[in-house]
Structures are given as C-alpha cells and as structure tokens.
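Quick notes on the structure that follows.
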Amino acid sequence: MLTDFYYRLVNVLQYLCAFRGFPAVDLKIVFLPLLTFEVIILIDNFRMCKALMPGDEESMSDEAIWETLPHFWVAISMVFFVAATVFTLLKLS
C-alpha cells in the first residue's frame, strides 16, 4: 500500500513537471522518507527474529520456528524493497 502511494505520488509529480515545465519537488526528497521507513521496518524485523529465537541452552522447536518465520520473511522482502528504493534514488541522481 505504501509503495502504491509513492507510485501515485511520483506520477502526479511527473504530471506537474510536464504541465509546468519545471519539477514541483525533487523526487529524491520524496523517496528519502520511504527509504527511512523501510530501513526501520527491516531493523525491527531482524530484532524480532533475534528476540524470538531460543536461548543457547534451548533447542529450536517447531513452535519457535513458526513464530519467527513471518518476521524473517518480512525482513527478507524489506531487503529487496530497500534495494529497489536505493536503485531508484541512484537513478534519480
């Protein structure tokens, strides 16, 4: 949903740029809050994965795996979102 919002925002800003002849806002400023938000989610999910892992003396049970798995997959997907946003910012510069 957040990505869709940013996509629509960029389309509106491009339309304004084509209509006025000059950019309304620098697109780097638009993508920096998105990058910050993605990095915060990434760090939080890795922190949750680490917090849900059993201690040194405990074994990894199926229940612990299923509790950790959603945070792990969100963290993996956020790595790709962060990479896509960074590549977009690099392309804009």
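The values are calculated or read from the model by the stated rules, or taken from the named source; none is laboratory data. On a predicted model such as this, the values are computed, not experimentally measured, just so you know. Neighbour counts are summed over all protein chains in view; Cβ atoms, including those assigned to glycine, are modelled from backbone coordinates with ideal geometry. SASA here: full protein model, heavy atoms, side chains in, ligands and nucleic acids out. Shrake-Rupley method; radii C 1.70, N 1.55, O 1.52, S 1.80 Å.
Ligands, DNA and RNA left out, the 1.4 Å accessible surface of region 26-92 is 71% carbon and sulfur atoms.
Using Cβ point charges alone (K and R +1, D and E -1), the dipole size of the chain about the Cα centre works out to roughly 940 debye.
Once the other residues with Cβ under 14 Å from the Cβ of Ser93 are scored (Lys, Arg +1; Asp, Glu -1), what is the net sum?
+1
Farthest toward the positive end of the dipole of the chain, out of Leu90, Thr36, Phe72, is the Cα of Leu90, where the dipole comes from beta carbon charges about the Cα centre. Which helices count as membrane-span-like in the chain under these terms: full DSSP H, at least 30 Å along the axis by C-alpha, Kyte-Doolittle mean of 0.0 or more? Length and hydropathy pass: 27-52, 62-92.
Among residues other than Met78 whose Cβ falls under 10 Å from its Cβ, what is the net charge (Lys/Arg +1, Asp/Glu -1)? The answer is -2.
Modelled spin-label separation between Ser77 and Leu92, with each label point placed 7 Å from Cα along the Cα-to-Cβ direction: 2.3 nm.
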